[in-house]
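Okay, structure first, notes after.
The values are calculated or read from the model by the stated rules, or taken from the named source; none is laboratory data. Remember, it's a predicted structure, so these values are computed and weren't measured experimentally. Virtual Cβ from ideal backbone geometry, glycine too; neighbours counted across all protein chains shown.
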Amino acid sequence: MGSENVVRVIHDMAEAKAFLLRNRRLETMELPPAVREGVKRIFGAELTAAEVVDRILEDVRREGDTALFHYTEAIDGTNLDALEVTRDEIDQAIRSVPSETFDALRVACDRIEAFHQRQLRTSWIHVDETGTLGQLLRPLERVGVYTPAGRAPYPSSLLMSAVPARVAGVSEIIACAPPNRDGTISPLILAAAEIAGVSRVFKVGGAQAIGAMAYGTASIPAVDKIVGPGNIFVVLAKRRVFGEVDIDQLPGPTETLLIADASARPDLCAADLLAQAEHDPLASAILLTTSPDLARAVEEQLAEQLPSLEREAIARESLLTNGAIAVVPDLNAAFEIANGYAPEHLCLLLPDAWTYLDRVKHAGGVFVGEASPEVLGDYTAGPSHVMPTGRTARFSSPINVEEFIKIISIIGLNSTGLERLGPPAAKLARAEGLTAHARAVERRLKSR
C-alpha cells in the first residue's frame, strides 16, 4: 500500500500501550541537529537545552537589558535599538492586518471572554457563634504572557492567555514575543495584543524573555506570573524561574487523540490528525479505533491529503515520528488507553458521543462529536487552548480565570471562638513542642 509509510499502524494492544504511554518528558527529547549547531555557535560549546537555559537566565539576571540585546542578536539575528514596541508600531501593524482577519480576532476574543466570565467567583464571609471566617479573592497585579512566533506567529495563543487574565481583573498584562529579523513583531500578534487589552509588548523571545519577566530589567518589569506556551527552551526556563514567580504549566509539544468507531468519516479523521501534525515535528496525532477498515481508510486519506498542505514536511515528520493509528478491541480499551495517555485534546468521533463523557478521566479538553473539531478549540470555541500536555492533564488544567486570582483567608474569631477553639489549639501546640504557641493562647484564656 502506498500509504504504509505515512503513519505507524498498530494492531496489538500491548504494542499500542507501550508506544502511547512511553515517556514524553521534555528533558528526554534530543535537540535537532540544526539547533545543536546553533547552540555551539552561540555558546562555543555543545550544551544541553537545560544548560543553555541556565546560562541565559544567569546572564539576564546579572546583566538585564544588555543580555537581552545580546541574545536577541545572537539567536534571532536582530540588532534592536529598543525592546518595547511603540504605539506607532502597534497602530501601523493594526492598519496592515486585513479587516476580515481583525474581525476574526475580535470574534475569538469575545468568545474567550464570554466563556471565562462564567468562571468568576467572589469573596465570601461566613459568620457563626465563634466569629467570622472568609476569603478575599484578589487578582494578580502584573502578568507576563509569552507568545511564540517560531515557525509562524500565533496571535490566538496570546488571546487565549491574556483574555482570561483581563477577565480575572489583572491590572497590567505585558507580552513578550520573538522579533523578526527586521526588528518587528508580527502585525497579527500586535493586533491580538491590542484586542486582548495587553498593556505593553516587548521584542524578546526564548528563555531570555522568561528571565526578563521573572527578574525584571531596566526595560521590562518583573511580573507575578508567566503564562503561555513556547519551545523547549521557554518551557525549561519557566520551570527554572518557578518560585521566583508563578507559572501556569510546562506545555510540551501539542497532542491530539481521536477515538472513533466504524461510523466515523475517514476523511475527517485524517483532516483532524493532520491539523495537529502540521504544528510541529514533535506534535503527536493519534487515532484509536475499533474498526480495522477505518484504520486502513484513514491511512489512505492521510497519504492523499498530505501533499496539498503548505507544511507537508512538518506534518509528515510528525506523523512518522510521533503519530499512530491503533486498532483496539473495543471502546473500553480505547478509553483505558486515552486516560493513561491523558491527552491535551481528546476528540470523540462517535455516535451519541455525549454518552461517553463520563468515561473521560484525564484530558485537557474534550471535543464531543463530529461537529466539534479541535481546530475550533484552537480559535473560536471559547475555552483557552493553552492546555496541559505530556500526561500532565492527570493533575493540571487549561488556562482559566483561577490562574490569575489568589485567595487571602480571613480569620476573625470572637470570645466564644477563643474559648471553644483555644484549648484544643494549645494542646496541639504542646504536642508539637511549640510552647510559645500554646502560651499565646493560654494567656488570652487566663485573662478572661
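A few remarks follow.
- Any hit, the range 157-165, residues being over 21 Å from V35 (Cα atoms) and modelled with pLDDT under 95: yes
- Complete set of residues in the range 253-263 that are surrounded by fewer than 24 Cβ atoms within 10 Å (Cβ to Cβ) and at pLDDT 95 or above: D261, A262, S263
- Unmet criterion (only one of (1) under 16 Å from the mean Cα position of the chain (by Cα); (2) surrounded by 14 or more Cβ atoms within 10 Å (Cβ to Cβ)) for F395: (2)
- Among the residues of the range 264-289, those that are crowded, with 19+ Cβ neighbours inside 10 Å and farther than 17 Å from L320 by Cα comprise A264, P266, T289.
- Evaluation of A270 against (1) assigned to a loop (DSSP other than H, G, I, E, B); (2) assigned by TED's automatic domain parsing to the domain that holds V360 (one fails), failing number: (1)
- Which listed residue, of E336, E310, is of a type outside the set (F, W, Y), more than 19 Å from F367 (Cα to Cα) and surrounded by fewer than 23 Cβ atoms within 10 Å (Cβ to Cβ): E310
- Cβ-Cβ distances below 8 Å connect the following pairs, each with a first residue in the range 314-331 that is modelled with pLDDT under 95, a second residue that is part of a loop (DSSP other than H, G, I, E, B) and polar (S, T, N, Q), and a separation of six or more residues or different chains: L320/N5.
- Residue count for the range 63-90, restricted to those that are of a type outside the set (A, V, I, L, M) and either buried (at least 16 other Cβ atoms within 10 Å of the Cβ) or touching an Asp or Glu at 6+ places or on another chain (Cβ under 9 Å) (or both): 11.
- Scope the range 129-185; condition part of a loop (DSSP other than H, G, I, E, B), among the hydroxyl-bearing types (S, T, Y) and farther than 17 Å from V97 by Cβ; matching residues: T130, S171
- Scan of the range 37-61 for residues that are more than 18 Å from K238 (Cα to Cα) and free of Cβ contacts under 8 Å to residues at least 12 places away in the same chain, ordered by number: E37, K40, R41, G44, A45, E46, L47
- Test: residue in the range 421-443 that is free of Cβ contacts under 8 Å to residues at least 40 places away in the same chain, more than 29 Å from A275 (Cα to Cα) and touching a Lys or Arg at 6+ places or on another chain (Cβ under 6 Å): yes
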